[in-house]
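Novice: Please read through the structure below; I'll follow up with questions.
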Amino acid sequence: MTLHAELPVAPGPNATLNDWLAHCERIHPTTIDMGLDRVRQVADRMGLGPKLNATLVTVAGTNGKGSTCAMLEVIYGEAGYRTGVYTSPHLVHFEERCRLLGEPVNTEQLIAAFAHVESARNQIDDENQVAISLSYFEFTTLAIVQVLNQSNLDVIILEVGLGGRLDAVNLWDADCAVITSIDIDHTEFLGPDRESIGFEKAGIMRSGTPVVLSDPAVPQSVLNRASELGAEVWRVGHDFHFSGDKQQWGWASTPERGGRRYSGLAYPALRGANQLLNASGVLAVLEVLRPSLPVTAQAIRTGLSLVDWPGRFQIVPGQPTLVLDVAHNPHSVAALTVNLDAMGYFPTTHAVVGAMADKDLDAMLSRVAPLIDRWYFTDLPTARAATAADLVQRLKRVNPGKAVVAEAFATPQQALDAAVGAADPTDRIVVFGSFYTVGGVLINGTPRLSSKHSVP
């Protein structure tokens, strides 16, 4: 692929955010283009050097990244610090990707930043005779980081989009890196196994800089890379530990890491079996950055009790109960299955499912299938998605000899409406498989279900 290309004309001065997002989708030949050369050139032109104007935490991993970012954001906010966070993708509105002081970014700020990126990539000089082409993710990342860097923040938290080593977020040197769980996903870009994927995630580490590893079975490739760099490793089960019972939990670092202890902590407000592991990594980050960003025990307790992250095993009370989870690979679907199983008895479980065709769909479906009684598969508004009809056939293949109750729908909302129409008040409906699937039922706000069978 060439470094530069002739590109479409940019939106005008009265352009909306949607105009800019459409422009970002048109200007690069591929959706995902691993590499940092092009985006680094544009960042340099924008004055976005490797160090940002705040303490920087970079978070990579297969699952648990968003929850980790959310916990860090709310705890630092409770401690009185000015926070900025970048996560992706969004569920409904693009502005969700950038939060300043706990709130979605102002649309006008984003539009101004988009225009700045466009101007920078179009600068012509002796070396660059045409505009530099940027992918959608690269363009939007530069715009959001520009907003964050100009917002007089104390701490910036950046979630890596894909991998780590060649992801646009890796342009900036973190004061503390975090690597959450590592599992099989995006194999066409990151490699076929955990060791290969771990190597890519390890690319966010820097020489002599702390890295928190919150995967209990971290791949050896990550540890090898940390050793090569001389990174200061904080590893769960080695440098810090956690334990808990049904009411509370505790965390402690080893004497070599300061010996700090927290006991009698309430469980994080985020539901799910893996959230305690994520929270444990978050406390390690707080300890690493304590010299520059001290945090009280009360800020930690309050923050964990208030943290909110929509679409991550989100249980919406109603009749029937609604569960929303963006689980979209075998590892996260396995965690969803454990969490559903722990919820207790429901006469019937209905599943609204839409997923990307490039995922290990058979593994995802077969893992959760024993808990699902009725399926409502949905098409999704992206070429990457598997069709609802294909998902129906896949389910039949992974459940040979078992009667499958499954239907196909054009949209997530239509699938949810059908599930509600078939459900009794004491049933539950789980929506999962993709950000598009969960976002599709949140587009008009969080649904509050009332089954027709529950109406007097």
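Novice: Which of the following residues is touching a residue at least 12 places away in the same chain (Cβ under 8 Å), part of a loop (DSSP other than H, G, I, E, B) and within 20 Å of residue 445 (Cα to Cα): 358, 308?
Specialist: 308
Novice: Could you grab me the full set of residues in the stretch 222-281 that are free of Cβ contacts under 8 Å to residues at least 60 places away in the same chain, part of a helix (DSSP H, G or I) and of a type in the set (Ser, Thr, Tyr)?
Specialist: 227
Novice: Being in a helix (DSSP H, G or I) and among the β-branched types (Val, Ile, Thr) is the filter here, so list the residues in the stretch 66-108 that pass it.
Specialist: Listed by number, the residues that qualify are 68, 74, 75, 107.
Novice: What are the residue pairs meeting all of these: first residue in the stretch 312-334, first residue on the phi < 0 side of the Ramachandran plot, second residue acidic (Asp, Glu) and outside any helix (DSSP H, G or I), Cβ atoms under 6 Å, and 6 or more apart or on different chains?
Specialist: As it stands, the answer is 320/427; 329/185; 330/360; 331/183, since those pairs meet every condition given.
Novice: Answer with yes or no whether residue 148 is touching a Gly at 6+ places or on another chain (Cβ under 9 Å), of a type in the set (A, V, I, L, M), within 27 Å of residue 103 (Cβ to Cβ) and part of a helix (DSSP H, G or I).
Specialist: Yes; evaluated as a whole, the condition is true for this residue.
Novice: Okay, next question. What are the residues in the stretch 44-65 that are farther than 23 Å from residue 302 by Cα and assigned to a helix (DSSP H, G or I), if any?
Specialist: Passing the criteria: 44, 45, 46.
Novice: State the number of residues belonging to the stretch 218-240 that are closer than 12 Å to residue 208 by Cα and acidic (Asp, Glu).
Specialist: Counting residues in the stretch 218-240 that are closer than 12 Å to residue 208 by Cα and acidic (Asp, Glu) gives 2.
Novice: Another question about this same structure. Please go through the stretch 361-375 and give me each residue that is surrounded by 21 or more Cβ atoms within 10 Å (Cβ to Cβ) and assigned to a strand (DSSP E or B), ordered by number.
Specialist: The answer is 375, and nothing else.
Novice: May I pose another question? Does residue 105 count as within 15 Å of residue 168 (Cα to Cα), of a type in the set (A, V, I, L, M, F, W, C) and crowded, with 21+ Cβ neighbours inside 10 Å?
Specialist: no
Novice: Let me ask something else about it. How many residues are part of a helix (DSSP H, G or I) and surrounded by 22 or more Cβ atoms within 10 Å (Cβ to Cβ) if we restrict to the stretch 151-171?
Specialist: Selection size over the stretch 151-171: 3.
Novice: Residues of the stretch 283-334 being hydrophobic (A, V, I, L, M, F, W, C) and under 29 Å from residue 384 (Cα atoms), which ones?
Specialist: 309, 313, 315, 316, 322, 323, 324, 326, 327, 333, 334
Novice: In the stretch 282-305, what count of residues is obtained for those that are part of a loop (DSSP other than H, G, I, E, B), under 22 Å from residue 86 (Cα atoms) and of a type in the set (Ser, Thr, Tyr)?
Specialist: 1
FYI, it's all coordinate maths here, none of it is from the lab. Computed from a predicted structure; not experimentally measured. Note that we place each Cβ from the backbone using ideal geometry, even for glycine, and neighbour counts take in every protein chain shown.
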